[in-house]
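See below for the structure under consideration.
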Amino acid sequence: AYPALFSLPDDCYEICLDKPLGIAFIENDDGGVQVDYLVEGGNADKSKQIKPGDVLLATTAAMGRDGKFERKVIPSRYLDFDTIMDAIGSNAPKFNKKRKNDVILQFARPTAPMDNDGDPYDGGKRGIKDYLESIKFPSDSPWLAR
C-alpha cells in the first residue's frame, strides 16, 4: 500500500522524448519554467501528451564526475531558466553508450494539487510540494555544487 508514495501526484505525468524536444518554455513568476507552446510536428507535439501551461517539475541531467557520467532526475520546479535549459541540453548520447538522444521530463498540469490530500503514507494523495521534497538531493550532492 505505497503506490501514492512513489507515484507522481494527480494531474502530473512523466514522458521520455527524443531531442530536439520541440517545446518552447517560458519562465514562471515563482521560478522554474512552463510550456509556452509546442513546435508543430515536433517530438512534444507528436506525443499528444504535453500541453501549453504545463509546469516542468523535473528533468534528467547528465554530469561527468570522477571519469564517470551519471544521469539523474533533478527537481527543476524552482530552478532558473538557464540552469533548466543546461540540464535538458546535458542529456547527450556521448555520455552513455546505451542512451539515445532522449530526455525524461516530469510535468504538472495547472490543475495538479500543490498540497497533500491526507497523509500519503496512509493512503492519502501526494501533492507537488511533498513530491518535490521526496526527490530533492541530499545536501552533500555534487549536483548542488554546480
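The values are calculated or read from the model by the stated rules, or taken from the named source; none is laboratory data. All values reported here derive from a predicted model rather than from experimental measurement. In this analysis, Cβ positions are derived from the backbone assuming ideal geometry, glycine residues included, and neighbour counts consider all displayed protein chains. Heavy atoms of the whole protein, side chains included, go into the accessibility calculation; ligands, DNA and RNA do not. Shrake-Rupley method; radii C 1.70, N 1.55, O 1.52, S 1.80 Å.
Screening segment 4-30 for residues that are of a type in the set (Asp, Glu), part of a loop (DSSP other than H, G, I, E, B) and surrounded by 13 or more Cβ atoms within 10 Å (Cβ to Cβ) and picking the one that is modelled with the lowest pLDDT gives Asp10.
Whether a residue is on the phi > 0 side of the Ramachandran plot, surrounded by 13 or more Cβ atoms within 10 Å (Cβ to Cβ) and not basic (Lys, Arg) was assessed, and Gly118 does not pass this test.
Kindly establish whether Lys46 is assigned to a strand (DSSP E or B) and farther than 19 Å from Lys129 by Cβ. No, not satisfied. Against the criterion of being under 16 Å from Phe107 (Cβ atoms) and surrounded by 17 or more Cβ atoms within 10 Å (Cβ to Cβ), Asn43 qualifies.
Taken as a whole, the condition of being closer than 17 Å to Pro142 by Cβ, in contact (Cβ under 8 Å) with a residue 12 or more places away in the chain and surrounded by 18 or more Cβ atoms within 10 Å (Cβ to Cβ) applies to Ala62. Applying a threshold of 8 Å to beta carbon distances and a minimum spacing of six or more residues, or different chains, the list of pairs starting in segment 31-46 at a residue that is over 17 Å from Leu57 (Cα atoms) and ending at one that is in a helix (DSSP H, G or I) reads Leu38/Ala44; Leu38/Asp45; Val39/Asp45. If Ile74 passes every condition in (1) in a strand (DSSP E or B); (2) more than 18 Å from Cys16 (Cβ to Cβ); (3) of a type outside the set (Ser, Thr, Tyr) but one, which one does it miss? Here Ile74 clears every test but (2). Just so you know, in segment 82-103 the residues that are under 25 Å from Gly32 (Cα atoms) and polar (S, T, N, Q) include one that is modelled with the highest pLDDT, and it is Thr83. Here Arg71 clears all of (1) free of Cβ contacts under 8 Å to residues at least 60 places away in the same chain; (2) of a type in the set (D, E, K, R); (3) closer than 25 Å to Asp117 by Cβ except the condition numbered (3).
Counting only residues that are open to solvent by less than 60 Å² (accessible area, probe 1.4 Å) and either polar (S, T, N, Q) or closer than 28 Å to Gly127 by Cα (or both), segment 90-106 holds 8 of them. With the requirement that a residue be open to solvent by 20 Å² or more (accessible area, probe 1.4 Å) and assigned to a helix (DSSP H, G or I), what does segment 121-130 give you? Selection gives Tyr121, Asp122, Lys129, Asp130. Among the residues that make up segment 31-52, is at least one of them at pLDDT below 95 and either over 15 Å from Ile15 (Cβ atoms) or under 17 Å from the mean Cα position of the chain (by Cα) (or both)? Looking through segment 31-52, at least one residue is at pLDDT below 95 and either over 15 Å from Ile15 (Cβ atoms) or under 17 Å from the mean Cα position of the chain (by Cα) (or both).
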